[in-house]
1. Can you tell me the order of 268-275, 147-154, 307-314 when each peptide is scored by its average per-residue count of other Cβ atoms within 10 angstrom, highest first?
2. Would you kindly state how much longer the chain becomes between Ala418 and Ser76 on full extension, computed as 0.36 nm times their sequence separation minus their alpha carbon distance, in nm to one decimal?
3. Using a 1.4 angstrom probe with every protein chain in place, what is the largest-first accessible-area order of Lys200, Lys182?
4. Please give the contour-minus-distance gain from Val239 to Ala398: 0.36 nm per residue of separation, less the Cα-Cα distance, rounded to one decimal in nm.
5. List the pairs from Lys160/Lys182; Lys232/Lys297; Lys182/Lys340; Lys200/Lys340 whose alpha-carbon separation is above 21 Å, in the order I gave them.
6. On the protein heavy atoms, probe 1.4 angstrom, tell me the percent of accessible surface of the stretch 318-366 carried by carbon and sulfur.
7. Evaluate the distance, in nm, between pseudo-label points positioned 7 Å from the Cα of Leu222 and of Met134 along their respective Cα→Cβ axes.
8. Please compute the Kirkwood hydrodynamic radius of the stretch 271-399 from all pairs of different C-alpha atoms, in Å with one decimal.
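The values are calculated or read from the model by the stated rules, or taken from the named source; none is laboratory data. Computed from a prediction, not measured in an experiment: that's the story for all the values here. Virtual Cβ from ideal backbone geometry, glycine too; neighbours counted across all protein chains shown. Only protein heavy atoms, including side chains, enter the accessible area calculation; ligands, DNA and RNA are left aside. Shrake-Rupley method; radii C 1.70, N 1.55, O 1.52, S 1.80 Å.
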Amino acid sequence: MSIDKTSTPPEDNVVENPEAARGSDVAVDPRLLVREQGLAGYVTEFKRKIKAGDLGSMPVVIGLVIIWIIFQSLNSNFLTAGNLSDISVAMVGTGMIAVGIVFVLLLGEIDLSVGSLSGVAGATFAVLNITHGMNEVLAFVLAILTGTVAGAIQGFFFAKIGVPAFAVTLAGLLFWNGFMLKILGDNGTINLNSDGLVAKLTSYYFSDVAAAYGLAVAVTVLYFLSAFFGNKRREAAGVPSKPLSETILRTVLLAVVSFAVAIVFNQYKGLPLAVVIFVGVLVITDFVLRRTAYGRKVFALGGSVEASRRAGINVDMVRISVFAISGTFAALGGLFIASKIASANQGAGGGDLLMNAIAAAVIGGTSLFGGRGRTWNALLGVLVIVSIQYGLALEGIASPVQYMITGGVLLATVVIDAVTRKTQKTAGRA
């Protein structure tokens with residue numbers, strides 16, 4: 001390849017039209033803009049995000065507030081401590097499954113087997129522990145590993161054999177559902193020990209008020225320390241970072257929400273164990289996706305498989321691991337669902353569970369096109385879905401209407417996602 005040695009070096013280039021140059025758009029890191037301009041910088045950055053279609057979790061938060069206002073106006077019992085506590089426990093099973101779905105969606109793929117795998121996990125635990133008398137902890141671990149192995153097998157067919165994820169997991173949906181029916185046997189239902197490990201997942205509450213407030217303090221402090229020292233590392237590396245004022249503001253807002261939730265819990269039975277576990281799972285998975293090399297590989301694959309392969313990423317192993325993670329969380333969610341109904345039965349994993357898990361991830365803000373999302377999206381999405389279910393139940397509205405409303409919310413979310421993607425392409429950010 002020849003090089004034109006007569007061309008002017010970049011440092012010697014002369015701007016022939018300085019007025020045009022001054023009027024052109026210059027890409028400025030938004031964190032620098034905020035730090036230099038203060039409140040005006042925040043406003044400018046907010047406008048830039050809206051124009052670029054970078055809405056984040058704002059639509060779902062606004063939607064959740066509207067949903068709560070509507071149902072509270074229809075029934076004053078909706079926002080009572082008891083109902084909100086019940087919603088928080090009921091959402092954990094589906095929310096766990098949705099966390100695994102987030103990982104798969106980040107690749108731009110789908111997993112249709114999670115509902116059936118959740119049923120298999122509950123049935124496996126019940127058969128091992130109740131029917132065969134196996135130790136609860138061992139049966140619990142083996143039930144979760146069942147989901148892990150099943151997910152890895154499906155991931156193998158997708159990554160190594162090249163079968164589309166839709167086809168593999170659709171086959172898995174049928175196979176694992178049949179497997180569940182087989183191990184449950186003719187009886188079809190196995191009741192769990194009401195005082196056992198799995199039963200306590202959703203029935204145990206920390207009645208001491210210090211537990212809820214302690215969790216609120218821990219969440220707030222951990223967030224502040226993570227944000228503060230993260231910014232310090234960026235400053236030390238000479239990389240633009242968020243101003244301290246923004247970190248403090250976000251911490252204060254998180255503290256307000258955390259302590260409000262703690263007050264609600266303490267007005268009822270106390271802090272639910274299920275919520276503690278769910279929050280812990282969200283914190284850990286968010287750290288994995290955003291702070292580790294593995295998480296960056298998952299996002300990279302969602303952006304471009306070929307570019308990831310050329311960058312040296314083991315694409316097949318990441319794909320297999322993501323489906324294994326999806327299967328693991330499907331199994332964990334299945335155990336929470338079995339805990340809620342205190343049994344494993346032939347209907348487990350059926351009905352609208354699969355669609356609700358996928359809808360929760362998408363409604364919460366995870367893109368169907370891959371490359372964008374967080375596990376916290378599962379919390380927001382499942383909170384919307386369960387709030388709708390409980391609100392309609394208080395009004396005595398039948399399940400068909402619940403399905404239609406949930407479907408409408410999901411369609412609206414997908415439309416927003418598609419429009420956002422087009423807007424970002426127009427703005428040159430996709």
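1. Output ranking for 268-275, 147-154, 307-314: 147-154, 268-275, 307-314.
2. Length difference between fully extended and current span is 119.5 nm.
3. My answer, sorted largest first, is Lys182, Lys200.
4. 51.8 nm
5. Violating the 21 Å Cα-Cα cut-off are Lys160/Lys182; Lys232/Lys297; Lys182/Lys340.
6. 64 percent
7. Taking the simple label geometry, Leu222 and Met134 are separated by 3.0 nm.
8. Hydrodynamic radius (Kirkwood, Cα pairs) of the stretch 271-399 is 16.6 Å.
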